[in-house]
Amino acid sequence: MALERHIICKPDAVPQGQGKAFTVNGMGVALFNVDGEFYALEDRCSHMNVPISNGYVHERELCVACPWHGAEFDLRTGKVMTPPACENINAYPVYVEEGNVVLEVENE
Ligand code: FES
């Protein structure tokens, strides 16, 4: 499997301390900005499959809380940190290159 690179936005498209939803290859991606560092997760809470891109971002702990029942996911890894979700979600490599936010996803 090869990694595919996608330019998804300019860095200022995601306000500091918040997330935003994007679609990459038909897949929902939640992009978060914490102090100019970007993190990308699958935009899906593993508890009831709702989007997490509009969840509350805990900047110090680097996690996002699902807006429905508050399960928290690590922004770096997608690892679930608190219930009621119990499955991890995908995290994607993301970085800023030449003024664009670039995401890498596996091309199956
Ligand atoms: S849907 Fe996310 S915690 Fe329930």
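The set of residues in the stretch 88-101 being assigned to a strand (DSSP E or B) and either within 10 Å of the ligand (Cβ to nearest atom) or under 13 Å from the mean Cα position of the chain (by Cα) (or both) consists of Ala91, Tyr92, Val94, Tyr95, Val101. Put simply, of Leu75, Leu41 the only residue that is within 16 Å of the ligand (Cβ to nearest atom) and within 15 Å of Glu104 (Cα to Cα) is Leu41.
Conditions (1) within 16 Å of the ligand (Cβ to nearest atom); (2) small (Gly, Ala, Ser); (3) free of Cβ contacts under 8 Å to residues at least 60 places away in the same chain; (4) open to solvent by 80 Å² or more (accessible area, probe 1.4 Å), marked per residue:
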| site | (1), (2), (3), (4) |
| --- | --- |
| Gly17 | no, yes, yes, no |
| Gly26 | no, yes, yes, no |
| Ser46 | yes, yes, yes, no |
| Ser53 | yes, yes, yes, no |
| Ala65 | yes, yes, yes, no |
| Gly70 | yes, yes, yes, no |
| Cys86 | yes, no, yes, yes |
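Considering the conditions (1) open to solvent by less than 40 Å² (accessible area, probe 1.4 Å); (2) within 16 Å of the ligand (Cβ to nearest atom), Val34 is excluded by exactly one of them, (2). When Arg76 is tested against the conditions (1) surrounded by 14 or more Cβ atoms within 10 Å (Cβ to Cβ); (2) under 10 Å from the mean Cα position of the chain (by Cα), the lone failure is (1). Tallying residues that are in a loop (DSSP other than H, G, I, E, B) and in contact with an Asp or Glu (Cβ under 7 Å, 6 or more places away or on another chain) within the stretch 66-87 yields 1.
A Cβ distance below 7 Å, combined with a sequence gap of six or more or placement on separate chains, defines the contacts here; from the stretch 1-14, residues that are under 13 Å from Tyr39 (Cα atoms) reach residues that are charged (D, E, K, R) and surrounded by 13 or more Cβ atoms within 10 Å (Cβ to Cβ) in the pairs Val14/Lys20.
The values are calculated or read from the model by the stated rules, or taken from the named source; none is laboratory data. Not measured: the values here are computed from a predicted model. When we count neighbours, we look across all protein chains shown, and the Cβ atoms used for this are built from the backbone with ideal geometry, even at glycine. Surface areas here come from the heavy atoms of the whole protein model, side chains and all, with no ligands, DNA or RNA. Shrake-Rupley method; radii C 1.70, N 1.55, O 1.52, S 1.80 Å.
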